[in-house]
Amino acid sequence: MRRYDDPIEVRRGLLSGQEIPAQFIWRGRLWVVREVISHWIETGVWWEQPGVAALFGTGTGADVASAATAAEAPPPPPQAADLLGERDFWRVEATRGRAVRGAGVFDLSFDWAGGQWRLVSSID
């Protein structure tokens with residue numbers, strides 16, 4: 001498996017009523033998705049946010065004190081990064097252009113916070 005972190009342009013399409021990446025442009029070449037092998041979602045590192053450790057009783061005394069103060073005050077509005085801290089991953093089999101032969105397997109990622117598609121790996 002080769003790792004990348006390359007921005008890509010993705011054109012979406014429908015397959016069985018589900019919106020999927022149908023084509024993508026990577027390094028100036030068009031790839032057509034022939035099959036979706038897998039789809040999963042990864043969330044952000046919510047457990048590293050301030051005050052979370054204190055709520056679980058694993059933080060420092062300062063964390064516990066700030067969590068107690070926060071419990072007495074009204075909760076702050078959620079941050080956009082908290083709500084959008086997810087990435088959709090798609091493992092797809094794709095071929096170059098309209099070719100039927102010479103398929104590759106790629107992991108594509110969509111970052112909801114940044115609104116950016118990336119090619120994160122390919123399997124030889």
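Laboratory data are not the source of any read-out in this text; all were calculated from the coordinates shown. No experiment lies behind these values; they were computed from the predicted model shown. When we count neighbours, we look across all protein chains shown, and the Cβ atoms used for this are built from the backbone with ideal geometry, even at glycine.
With both labels modelled 7 Å from their Cα along Cα-to-Cβ, the Arg2 to Ala99 distance reads 1.3 nm. Judged by the mean number of other Cβ atoms found within 10 Å, the most tightly packed of the peptides 37-44, 101-108 leads the ranking 101-108, 37-44. Please list, in order, the residues from segment 1-17 whose amide nitrogen is less than 16 Å from a point placed 7 Å along the Cα→Cβ vector of Phe89. Once the point is set 7 Å along Cα→Cβ of Phe89, 1-6 turn out to lie under 16 Å by backbone N, inside segment 1-17. Close amide H contacts of Ala22 (hydrogens built in the peptide plane, cut-off under 5 Å, sequence separation of 5 or more or a different chain): Arg11, Arg12, Gly13.
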